[in-house]
Structure formats: structure tokens, C-alpha cells
Amino acid sequence: MSNVQVATGVINLSEGDPGLVNEIKELGGEELLECIQCAKCAAACPMVLAGFSFFNKRVIHAILLGLRDALLDDSSIWACQSCNRCTEVCPREVNPFEIIQAMRRVAIREFALPTLSIEGLKSLYDTGHAVYLAGAGSTRAKVGLPDKPPSTVANLEALKELQAIIRQTALADLGIIPMGESDVTETCEV
Amino acid sequence: MKVGFFVGCNTAFNRPDLEQAVRYAFPALGIELDNLEGQSCCPSWGTMPSVDVVGWCAVGARNHTIAEEKGLDILTVCGSCYGSLAESKYKMDINPEVKASVNEILKKIGREYKGTSKVRLAHYYLYHELGPDRIREALKHRLDGLTVALQPGCHTLWPSKVYYDKEEDPFHPRVLKEMCEALGATVGYYTRLLDCCGMGAMRSTDMEKAFKLVEKKLVSMKEEVNPDLIVTGCSSCLIQFDTAQEFLRSGKKINFEIPVLHFMQILALCLGADREQVTGLAKTDVGPVVNRILAG
């Protein structure tokens, strides 16, 4: 929410973006308009318990009002745990989790994503793991395991397969991370 | 019996002692593990799932096809891997358009998603395929006299429609409880049992808020159960409970420490695994409780 809105507690509905609803529906939030704002999802949501400004019910409400900037200026959508309590309890099968994911997809298309997500995507592309610790070899050795797990980090062909897949996805069109040929060297902890 | 072990990121790089526990316990129970060579990240929620549905499913599907080619189910100890893989499978299985788009992408690397492998969480797999009685019979050590508090983990329960191994009622989970009781433990109930631990995207976004959740849970456990040990069903919950306590103590939020282990680590100990190899990376002091388990 902009400072003016916070200061006055007033939301100017005429400034809402009516296109946001369709964007959300196209990016995976197909059931958005089924929501009746009953708040069962909010009662189950860890983000409410932790005190975030936006959570499932409020994200949906803000989308319906077209409050794009309010949602993009706030980090709440990135704190969603994907726990899916909301999906379980929703009496209208809105799948609120998927709507929060769809809002993230809107944000990413405006390059409004957290640094950690960019690093996670880069690490996924470069190593095959969103969370990768280059120095983990010694920890693994300590408990009697080989330096590397039997994943893309130990198998260049597999990594190249994964990279070929990612280059075919929407991520490649967005240009958020470089997608060249690379070796497994970086460290990333998300 | 044979199953494909999907090791994931956090287990492989942060808590390989948990990976080693799985690699010990399954063969000890007569179940062979396949490495699913060339597996990648599930992918985790903040990456491909936050970009688009088809890309998420395509990266997931590559992992699924590795298991499908071998005719195996996919086994994890991580709630996020379990959730992401089960959800990508569900999306492709119910939506022919998503499946077709994914297979169009997979064609480039000569793979095809069919949907023939199931996604299984380790303790649910053991519960359903072996059952608590057969596990009880295989134990070398037991948890008799120990009281535990459980942390089932969000993704082990919800959304129940995407999981093959279901709880009768996901808001009253029983599998982890019955499995711990099979090891001889007394399982205490506490009112915040079903709360989220705060690990994951929330901790990455706002650590202070995320730690409020784990603090509430720890205080509830301490006051209502006073457990000898916290048992988690998820590797992320394991990391959160194991690492947050020191922060909370130094911030004067709590004044106690409760040792934390994943169910598979405790099972491996009870089946005779080397304690350093399967619990050696814990930050909480698990030494005394491991001594009691090995004496039991």
C-alpha cells in the first residue's frame, strides 16, 4: 500500500487495475472469482499467525480490487509457505495457494521478485539444486557419504538435460537469470 | 521391495546425516533404495512454481520420468520435495493440457511423462508397506520411557487430494504418532501440534516473524508435554527446530533446549546405525537422548 493509503486508511478504488483479475486467472489462479471472502483460509494461514500484511484472503481481496502496486510493494506474497492449509479448508475450491503463486508470477513478470528467488533460480539452472552448498562435500564425508549426492551435481549429462528443459520454459523468455553453459561452482542457500 | 530415493537439496547439503539415516534404515528393513541418478531439485516453491505452471511441472516431470523408467515410486524425507513433486504430478494427471505442454518440452530431451510413479514420504511409505508391527519386530533399540513431541510438517498433510498416502483426517494426523509409538515412545499432545514451524519461504522473507511461529510451538511443547525429544516428519522442520533454538535462547525468548531429530534418524538409530553417521550434524545436543535410545 502506498504511504498515502496507509496514512489515510483510504483506498482509491478508481485507481484499481481491472486487468489484474484476468492476469491471475491466466497464470494459474483460475478459480479466483469463486471466492466469497469467507476467511476460512485466513483462519488456517501461518502468515496470519506470524503477522504479515497480506495473506490468502487479503491477497484475493486486493486482486479483486485491482491493487497491483499494493501487492507488489509488499513482500508478503513471497512469505507464503505453500502449506496448503487454505486449499484443504476452502469451501469453494478456490485454491488460494495457487492464487498467491499466480500473484508471484505477475510480480516476476514485472521483475518484482526477491533477490533470494533470483539466486534460487540461478542456482537451480547452474547446479540443478535451488539450495546448493559448494562446501557440503566435507559435511557429507563426515557422515560417511560420497562428496556429491547422485543428482545433477554429479552428472553433467543430467544437468544439461535439466538446463535444456528450463530453456524451453517461460523463465527463459523473462530473462531474469543468464542461461548459458556452466559448471557447478556457485553456492546458494535459500 | 525397491523404491527410488529422492534426496533433494536440504537433506543432501545441509543434513546429510538424515540422508545417511534413510540409506541405513531402508536396507535394514529389507527395502532396496535406487539412487534415481541424475535427479534435480523438486523444484522448490520459490523457483519454477513461482514462474509458471508448465515450467514447474516440466522440471518436476523430468524427476518423475527417472523413476518411471525404472518402475519405481519416489521416496522423500523433505516436505517441500514431497509437496512440489506430488502437486506437479497431480496437475499433469488431472489436466491433459498441462501434461501435453510438459511432454512437448520433455520431447527435446527424449523423455515422456506418463504418471506411473507415485510420490511417497518415507515414514508413510513404511507405515503402509510394512506397518508398525513389522518395524517393531526389527528394532535393536527402543524409545521406552522417552516422551516425544511431534512436528508432522505441513506438506505431509495438505492438500490431501494430491497425496497417495492419506491420513484419515489430515487435521488429526496419526501416522507419525503410531510410528513413534511403534518405537516405544510416549507421544504427548500439545495444542500447537498442527502449527507451521516457519521454515522455508517465510524464514527467507522475514526471519523475525518466522521465528515467532517456532517459538510459539516450542513453548507449547515445553509447557504441555515437556518432551525428551522433538520428532519431525520433514527435513525443513528438522532444520528449523534444530537451528532456531539457539537464536531464541540468545534473544531471551526461551530458556530451554529440546533435542530434535527426524523420524528416520531415530528409526535408523533403533535399527543399529552408527550414531555419528545418522545424527552427527545436529546443532541441538542430542547426545544424552541418543545415549538413552541406545541403552533402551
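The values are calculated or read from the model by the stated rules, or taken from the named source; none is laboratory data. The structure presented is a predicted model; accordingly, all values stated were derived computationally and were not measured. Reconstructed Cβ throughout: ideal geometry from the backbone, glycine too, with neighbour counts over all protein chains shown.
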Selection within the range B:164-208 - outside any helix (DSSP H, G or I), at pLDDT 95 or above, within 14 Å of chain A (Cβ to nearest Cβ) and crowded, with 24+ Cβ neighbours inside 10 Å = B:Cys196, B:Cys197, B:Gly198, B:Met199
Among the residues of the range A:36-61, write down those that are of a type outside the set (Lys, Arg) and either outside the structural domain of A:Pro91 (by TED's automatic domain parsing) or crowded, with 21+ Cβ neighbours inside 10 Å (or both).
-> A:Cys41, A:Ala44, A:Cys45, A:Pro46, A:Met47, A:Ala50, A:Phe52, A:Phe54, A:Phe55, A:Asn56, A:Val59, A:Ile60
Touching a helix residue (DSSP H, G or I) at 6+ places or on another chain (Cβ under 8 Å) and modelled with pLDDT of 95 or more: does that describe B:Tyr125?
-> no
Go through the range B:217-236 residue by residue and tally those that are assigned to a loop (DSSP other than H, G, I, E, B) and among the hydrophobic types (A, V, I, L, M, F, W, C).
-> 2
Extreme residue, farthest from B:Gly287 (Cα to Cα), among residues of the range B:212-226 that are surrounded by 23 or more Cβ atoms within 10 Å (Cβ to Cβ) and touching a helix residue (DSSP H, G or I) at 6+ places or on another chain (Cβ under 9 Å) | B:Leu213
Residue list for the range B:10-36, restricted to those being farther than 18 Å from A:Gly137 by Cβ and either of a type in the set (Asp, Glu) or modelled with pLDDT under 95 (or both) | B:Glu32, B:Asp34
Hey, could you check the range B:143-161 for residues that are in contact with a helix residue (DSSP H, G or I) (Cβ under 9 Å, 6 or more places away or on another chain) and either hydroxyl-bearing (Ser, Thr, Tyr) or surrounded by fewer than 16 Cβ atoms within 10 Å (Cβ to Cβ) (or both) and say which is farthest from B:Thr232 (Cα to Cα)?
-> B:Lys161
Hey, any hits in the range A:93-105 for a residue that's part of a loop (DSSP other than H, G, I, E, B) and of a type in the set (Asp, Glu)?
-> yes
Taking the stated definitions as given, is B:Ala244 away from chain A (no Cβ under 14 Å) and buried (at least 24 other Cβ atoms within 10 Å of the Cβ)?
-> no
Any idea which residue in the range B:261-277 is nearest to the other protein chains (Cβ to nearest Cβ), counting only those that are more than 15 Å from the chain's Cα centre (by Cα) and in a helix (DSSP H, G or I)?
-> B:Gln277
